[in-house]
Every structure is written in C-alpha cells, then in structure tokens.
1. Which residues does a label at residue 208 reach in region 133-147, if reach means a backbone N under 18 Å from a point 7 Å past the Cα toward the Cβ?
2. If you place +1 on the Cβ of every Lys and Arg, -1 on the Cβ of every Asp and Glu, and leave all else neutral, what size is the dipole of region 20-148 about its Cα centre, to the nearest 20 Debye?
3. Could you pull the Rg and Dmax for region 47-129, using just the Cα atoms, both in Å?
4. Hey, what number do you get for the chain at 222 nm if only DSSP H runs of n ≥ 4 count, each worth -39500 (n - 2.57), divided across all residues, to the nearest 500?
5. Could you work out the per residue convex hull volume over the alpha carbons of region 142-270, in cubic angstrom?
6. Let me have the relative contact order for region 22-167, percent, based on Cα pairs under 8 Å that are six or more residues apart.
7. HN-Hα J couplings of region 81-97 from phi, Karplus 6.51/-1.76/1.60, θ = phi - 60°, integer Hz, Gly and Pro as x?
8. Pairs 30/59; 196/235; 183/235; 152/216; 81/152: which exceed 19 Å Cα-Cα?
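The values are calculated or read from the model by the stated rules, or taken from the named source; none is laboratory data. Computed from a predicted model, the values in this text were never measured in an experiment. Because the Cβ atoms are built from the backbone with ideal geometry, glycine has one as well, and the counts that use them run over all protein chains shown. We work out accessible area using only protein heavy atoms, side chains counted, and drop any ligands, DNA or RNA first. Shrake-Rupley method; radii C 1.70, N 1.55, O 1.52, S 1.80 Å.
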Amino acid sequence: MNTESRTIVLITGANQGIGYAVAQGLLAHKDYFILLGSRDASRGAKAATGLDPTGEFVKSITIDVADDTSIQQAADLVASKYRRLDVLINNAGINNEIDIMIKQHKMQQEGGAAQPETINLAQHRKLFRDVYEVNLFGAAMVTEAFTPLLEKSTALPARIVFVSSHTGSLGLRVDSSDAEYAKWSCPSFPVYRTSKAALNMLTLHYAAKFHDNGWKVNGSCPNLTDTNFARGWVKGRPASESAVNIVRLATLSADGESGVYSDENGVVPW
Ligand SMILES: NC(=O)c1ccc[n+]([C@@H]2O[C@H](COP(=O)([O-])OP(=O)(O)OC[C@H]3O[C@@H](n4cnc5c(N)ncnc54)[C@H](OP(=O)(O)O)[C@@H]3O)[C@@H](O)[C@H]2O)c1
C-alpha cells in the first residue's frame, strides 16, 4: 500500500457513530488514507474491515484518548509506519449525564416522583473528571502527541478538526434573540456542555498557535444524532448527515477557513 502520495487522516473514536460515518464520507476521496481510531483493538479491526475489506484505504489503530501511554504508542506507530500525519479529527467523546437522565425519566414513567438523582460530591466530581478526561484532556493530549507528525505533513494545508457540540456554545446559550436560543438554553448536561465549551477555547488556541503554519483548525457541531451516544433516548438524525461538515473541514483547501466553529448551515457562535 502506497501512502506516500496520499492524505493521511486519523479519526479518534471512529469504530462507531459519527467518527465511523466521517470515515465513510472520506472514503469518497480515493487519495485519502484513513487511520480509524478505536480504544478497543477488536472493535476497531471489525469496523475498519467493514468499511474497507482490502485495507488499502482504511486501517484501524488502537488509541484510548484517556490514556497517555495509548496515545503515545499510537503516535509512535504512525511515526514509524507513515512518518507523518496530514489531518487529525478529534472526535472521541462521551456524555455520562445521559444515563442519569434516562434513569430519572424511567422512574417518572413508572409513576415515581420526579426526584432529581442525588449524587454526592465525590460522585459529582467523578462525572466531571470522566467526561473531561475524554472530551477535553483527551483531545488536547492527542493534538500535542500528533503535532510533530502534523509538522511533517505533505498536504497543504494540514488540518485539525475538533468535534464539539451546539450545547457548548456560549453564544447560543445567552443570546435570547437567536432563534436557536430556547433549544440550547435549557439547564441540562452541565458537565458535558462545559467540556465542549472548554474544547471550543482549545480549538481557538490551536488555531492561533498554528496560524503562521497555514494549518486549518476548526470546530464542528454535529447536532443531535442517532448514535450510541444518545442511547436511543431521543431521536436524532443519521450520523451520515452529522459527518458532512466534519468531512468538509477535514478536506479544506488552502483558501478554507481556520478558527471557525460551524455546522453544515454555516458559522455557529462560539
Ligand atoms: N450523537 C450526538 O447527538 C452528538 C451531538 C453533538 C456532538 N456529538 C459529539 O460527536 C462525537 C462522536 O459522538 P457519537 O455520537 O458518534 O458517539 P458514539 O456513537 O458513542 O461514539 C463515540 C466514540 O468515541 C469513542 N470513545 C469513547 N471514549 C473513548 C476513549 N477514552 N478513547 C477513545 N475513544 C473513545 C467510542 O468508543 P467505544 O465504541 O469503545 O465506546 C466511540 O467510538 C463526540 O465528541 C460527541 O460529543 C454527538
């Protein structure tokens, strides 16, 4: 397999959901080579084979973004096998507050009182830690580990995409004149949405840091999507639709934007 002349992309958390759909979308670009990130080797291998049985366009790579050893091993592997990376898509993400919400909802449906879940401070801190480990610290450490390989990119420009969420937008949260305000202003998921708000600042940080390199560093909002993430609790749209803007940002040309937060309809306020 010749990867010399191809654009090499790493997608974290791509064995299912939106990341998998992004890989599917990128398969249309025959000059791209996709490293399908998965924290579980067998789930990754199965997903990669499902996308490309030949292994010519897609290869799985084990990477747990909450584990620095795993991140470094993945970076070392890419360095020794491919010597560079052209596009990094920080997609892996979790929302463990959904499970609490589903539990409360079930209790209500079964005729119980709508009691808020009581968790102690240590449990609450753990909720924050677990989500931040993946959504924020994971994306930051993966970007740090792969920066030396992006610096060796032969694609012009190198690109980094951070998969965020409308729920992390401070702008949508406070602008009551915006038509979307009601949808995003409900006081739900404080852990998840603050992790994504912080991820947005991280996106701007890297956009500024790599501005002079000409890299394209952007955030994408998938919108509510039918993946394991939502646990079937609410009906979202197909992952293929949420992948469209991520694929666009991953394939930007030199005149494309950087430091922008968007969905497929255009710019989203930070
Ligand atoms: N679905 C939505 O409605 C929605 C809306 C807005 C934003 N998003 C964002 O979109 C991104 C993808 O979500 P999704 O809907 O595709 O969710 P998903 O179907 O649950 O997929 C999440 C992926 O992240 C992986 N992952 C979880 N923890 C990881 C870790 N420590 N290291 C590496 N990978 C890890 C999962 O691996 P396993 O298969 O091993 O669990 C899975 O491959 C997330 O950043 C999410 O916040 C989703």
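1. It comes to 140, 144, nothing else.
2. 140
3. Using the Cα atoms of region 47-129, the pair Rg, Dmax is 20.3, 59 Å.
4. -13000 deg cm²/dmol, from helical runs alone.
5. Hull volume over Cα atoms, normalised by residue count, gives 122 Å³.
6. Computed over region 22-167, the figure is 27 percent.
7. So the Karplus estimates, Gly and Pro as x, are 8, 10, 6, 6, 9, 9, 9, 10, 10, 7, 10, 3, x, 9, 9, 7, 6 Hz.
8. Among 30/59; 196/235; 183/235; 152/216; 81/152, the Cα-Cα distance tops 19 Å for 196/235.
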